[in-house]
1. Within the range 43-57, which residues are assigned to a helix (DSSP H, G or I) and either in contact with a strand residue (DSSP E or B) (Cβ under 7 Å, 6 or more places away or on another chain) or open to solvent by 70 Å² or more (accessible area, probe 1.4 Å) (or both)?
2. Kindly list, by first and then second residue, each pair from a residue in the range 114-127 that is closer than 15 Å to Y103 by Cα to a residue that is assigned to a helix (DSSP H, G or I) and open to solvent by 50 Å² or more (accessible area, probe 1.4 Å), limited to pairs with Cβ atoms under 7 Å and residues at least 6 apart or on different chains.
3. Considering only residues that are over 18 Å from L128 (Cβ atoms) and surrounded by 13 or more Cβ atoms within 10 Å (Cβ to Cβ), which ones fall in the range 73-101?
Amino acid sequence: SSTHFGTSASSRVPHAVIGLDLVSLAKMGGAPSSRANPAFKRTERRLSIAKTVAAMDMVRWNQQYDLAHMSKMLDAACQATTVEAAVEEVTSLMALGHNIWAYAYLRALSHKDVDLYYGMLLAEPDKLLPVAYT
């Protein structure tokens, strides 16, 4: 199953915040792209992110280039089928030097396979709980 912003098929829990946090953080350090979502431009945003999503409706929000691209990227990064493979994938992301990508991976994995997610947390609690619950 694919990870989408909005709801996951397995849990029906909203998780649009995953992409919002990542895209916002990614845009803070670089020049805005020509396809950048206007909601992420710090000088132009007048509403909170939640109110911006509500004003657009979730379907239109999810169709935006930045969020669709982020969803594909997270889905591609989250390929593990065993606890060991999941720990290896998230450890690779943690090696990037910032745990925001590891956090996004954990969120994507929790929506893709909740049993694998909790198995991974139980296997490496000292390493992963600070990432999962920050």
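1. Going residue by residue through the range 43-57, those that are assigned to a helix (DSSP H, G or I) are 49-56.
A50, K51, A54, A55, listed by residue number.
2. L121/L129
3. M73, D75
The values are calculated or read from the model by the stated rules, or taken from the named source; none is laboratory data. All values reported here derive from a predicted model rather than from experimental measurement. Cβ: placed from backbone, ideal geometry, glycine included. Neighbour counts: every protein chain shown. Please note that ligands, DNA and RNA were not included when accessible areas were found on the heavy atoms of the full protein model with its side chains. Shrake-Rupley method; radii C 1.70, N 1.55, O 1.52, S 1.80 Å.
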